[in-house]
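The values are calculated or read from the model by the stated rules, or taken from the named source; none is laboratory data. Note that the coordinates shown come from a computational prediction; the quantities given were computed from them, not determined experimentally. Note that each Cβ is placed from the backbone with ideal geometry, even for glycine, and that neighbours are counted across all protein chains shown. Surface areas here come from the heavy atoms of the whole protein model, side chains and all, with no ligands, DNA or RNA. Shrake-Rupley method; radii C 1.70, N 1.55, O 1.52, S 1.80 Å.
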Amino acid sequence: MRTVVILGGTRGIGGGLAARLRTAGDQVIAIGSADADLTSVRQTAALADRLPDRIDALVFAAGRFTPRRVVTAEGFEQSFAIYVLARYLLAERLRPALDRAEKPVVLNLCGTGGRQGHLHWDDLQLTQGYSLLQATMQGARANDLLGVHFAAQDPGSRIRYVLYNPLFVDSGQHRYFSQPTRALVGGAAKVFGTSVTSMARRLADLLADPPAAPLTALRRGTPISLARPEFDRATAERLASVLASLLASLVTDPAQ
Ligand SMILES: NC(=O)c1ccc[n+]([C@@H]2O[C@H](COP(=O)([O-])OP(=O)(O)OC[C@H]3O[C@@H](n4cnc5c(N)ncnc54)[C@H](OP(=O)(O)O)[C@@H]3O)[C@@H](O)[C@H]2O)c1
């Protein structure tokens, strides 16, 4: 029986995937904000300590759209905390647990393959001119780099890291918006979005048979070339070093 940890496994895409994998007989640990608030670095680190010591699949599906800038108690912009810091910290901390599995995989639901967005190196917390789009796109580019950093650290590892952009899914994300945007986004998702059931099936198939390469980026089913500039190795190491120093005062070295 596989052990699958899904961050953001209580609803939306992660929730659909959790239900599907449970039905198939996997042990699924589905984490939502009631289990651990991933906007908190300390809670994220404590969560890593109480997860099993052998994990077959680690799925990053937690996210929260914040139309207005929100700052966490630890001083981070909220979407940066949940989308970037938590994913970096958990991947680093759970590497040994993944290493103990036979065919380990990290599946990171993100915005890979999109052309917009960049890292605001001088203002990662977006104190100047925050917008939901900027925060989301910065997170997307950062997650591309998290994948590069993870795979580069141990080229001989059996762990497969998959960056996966589900594109538009009817997962209920319109609830983050106020009217009339809520009705427009909800209606568009019904018409143009992939259903959660269909996305969960695709992702379950991916987890059952992960790509052979240490790092893969997929825009739904389409592979994205890792030669693109957003996968630059030196930039990935720069980000990892910045994240490690941001975390240093709150937790011990993420890789320990
Ligand atoms: N839906 C799309 O069209 C789309 C497109 C591209 C990328 N993505 C990415 O795919 C992922 C999943 O999207 P989704 O549409 O399924 O999202 P969703 O429906 O909003 O679900 C988000 C999940 O994250 C959890 N979560 C939110 N805040 C949390 C916190 N502070 N601590 C712990 N867990 C928290 C939620 O748990 P609770 O509700 O229980 O707190 C829920 O399980 C996200 O990373 C998103 O950026 C989605």
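Out of ALA200, ALA234, ALA208, ALA240, which single residue is more than 16 Å from the ligand (Cβ to nearest atom) and in contact (Cβ under 8 Å) with a residue 24 or more places away in the chain?
ALA240
Look at VAL105 and say whether it is within 16 Å of the ligand (Cβ to nearest atom) and either surrounded by fewer than 19 Cβ atoms within 10 Å (Cβ to Cβ) or at pLDDT 95 or above (or both). Steps first, please.
Details: within 16 Å of the ligand (Cβ to nearest atom): no; either surrounded by fewer than 19 Cβ atoms within 10 Å (Cβ to Cβ) or at pLDDT 95 or above (or both): yes.
Spelling it out, it is not the case that VAL105 is within 16 Å of the ligand (Cβ to nearest atom) and either surrounded by fewer than 19 Cβ atoms within 10 Å (Cβ to Cβ) or at pLDDT 95 or above (or both).
Does the range 193-207 hold any residues that are in contact with a strand residue (DSSP E or B) (Cβ under 9 Å, 6 or more places away or on another chain) and open to solvent by less than 90 Å² (accessible area, probe 1.4 Å), and which are they?
Within the range 193-207, GLY193, THR194, SER195, VAL196, SER198, MET199, LEU203, LEU206, LEU207 meet the criteria.
Out of all the residues in the range 152-192, which are surrounded by 12 or more Cβ atoms within 10 Å (Cβ to Cβ), among the small types (Gly, Ala, Ser), more than 8 Å from the ligand (Cβ to nearest atom) and in a loop (DSSP other than H, G, I, E, B)?
Of everything in the range 152-192, just one residue is surrounded by 12 or more Cβ atoms within 10 Å (Cβ to Cβ), among the small types (Gly, Ala, Ser), more than 8 Å from the ligand (Cβ to nearest atom) and in a loop (DSSP other than H, G, I, E, B), namely SER157.
For the range 40-149, which helices (runs of 4 or more DSSP H) that fit wholly inside it have 1 or more residues that are without any contact (Cβ under 8 Å) to a residue 12 or more places away in the chain?
By residue number, 41-50.
How many residues does the range 208-248 hold that are under 29 Å from PHE76 (Cα atoms), open to solvent by 70 Å² or more (accessible area, probe 1.4 Å) and in a strand (DSSP E or B)?
Matching residues across the range 208-248 total 1.
Taking the residues in the range 1-35 that are surrounded by 22 or more Cβ atoms within 10 Å (Cβ to Cβ) and part of a loop (DSSP other than H, G, I, E, B) as candidates, determine which candidate is nearest to the ligand (Cβ to nearest atom).
So, considering only residues that are surrounded by 22 or more Cβ atoms within 10 Å (Cβ to Cβ) and part of a loop (DSSP other than H, G, I, E, B), the one nearest to the ligand (Cβ to nearest atom) is GLY8.
Out of curiosity, is ALA46 open to solvent by less than 60 Å² (accessible area, probe 1.4 Å), over 15 Å from the mean Cα position of the chain (by Cα) and within 14 Å of the ligand (Cβ to nearest atom)?
yes
Step by step: first the residues of the range 49-90, then only those that are near the ligand (Cβ under 9 Å from one of its atoms) and modelled with pLDDT under 95, then the one that is most open to solvent (accessible area, probe 1.4 Å). Which residue is that?
Taking the candidates together, the pick is ARG64.
What are the pairs with Cβ atoms under 9 angstrom where one residue, in the range 170-186, is farther than 17 Å from ALA61 by Cα and the other, located anywhere, is of a type in the set (Asp, Glu)? Sequence gap at least six, or different chains.
Taking only residues 6 or more apart or on different chains, the pairs are GLY186/ASP170.
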